[in-house]
Amino acid sequence: QVQLVESGGGLVQTGGSLRLSCVASGRTFGRYILGWFRQAPDKEREFVATQSQDYRTMYADSVKGRFTISRDNAENTVYLHMNSLKPEDTAVYYCAVGLTFGVERNQYAYWGQGTQVTVSS
């Protein structure tokens, strides 16, 4: 069982930046496939970014060039650096640990409780 705790969400103006953090339990963090998803009101949870154990990354087209996923294995932490934020980025953001590298929700087995990001226009 892996436990995940996100932080760093908040209210930001259009064009601003935020950094989300997610601390994971477990002694094998360096082997984890890590992902970020988000869910806006009345919408499905959607893929945002993922990073494999060997640092391959994938991003949703909607965030490519603006968001960056990174990890600190010594701190058991995965980050989502978000720049040039837009109102359409408003959502609850979830970190997750995956079983396989990919963009589908069913590839991820463990989820955090989420952190709210609100971008004002």
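Pairwise Cα distances in the range 1-94 exceed 23 Å for 21 percent of all pairs.
Simple point charges give the picture: +1 on the Cβ of Lys and Arg, -1 on the Cβ of Asp and Glu, and for the chain a dipole about the Cα centre of about 180 debye. Of the residues Trp111, Trp36, ranked by 1.4 Å probe accessible area with the largest first, the sequence reads Trp111, Trp36. The accessible-area ordering, largest first, of the residues Met82, Met58 stands as Met58, Met82, per a 1.4 angstrom probe. With bins 5 Å wide beginning at 0, the percent of Cα pairs of the range 53-121 falling in each bin runs 3, 13, 22, 28, 21, 9, 3, 0. Charge tally for Ser84 (other residues, Cβ to Cβ under 14 Å; Lys, Arg +1; Asp, Glu -1): +2.
The values are calculated or read from the model by the stated rules, or taken from the named source; none is laboratory data. All figures in this text were calculated on a predicted structure; none of them were measured in a lab. All Cβ positions, glycine included, derive from the backbone under ideal geometry; neighbour counts span all protein chains shown. Accessible surface is based on the protein model in full, side chains and every heavy atom, while ligands, DNA and RNA are left aside. Shrake-Rupley method; radii C 1.70, N 1.55, O 1.52, S 1.80 Å.
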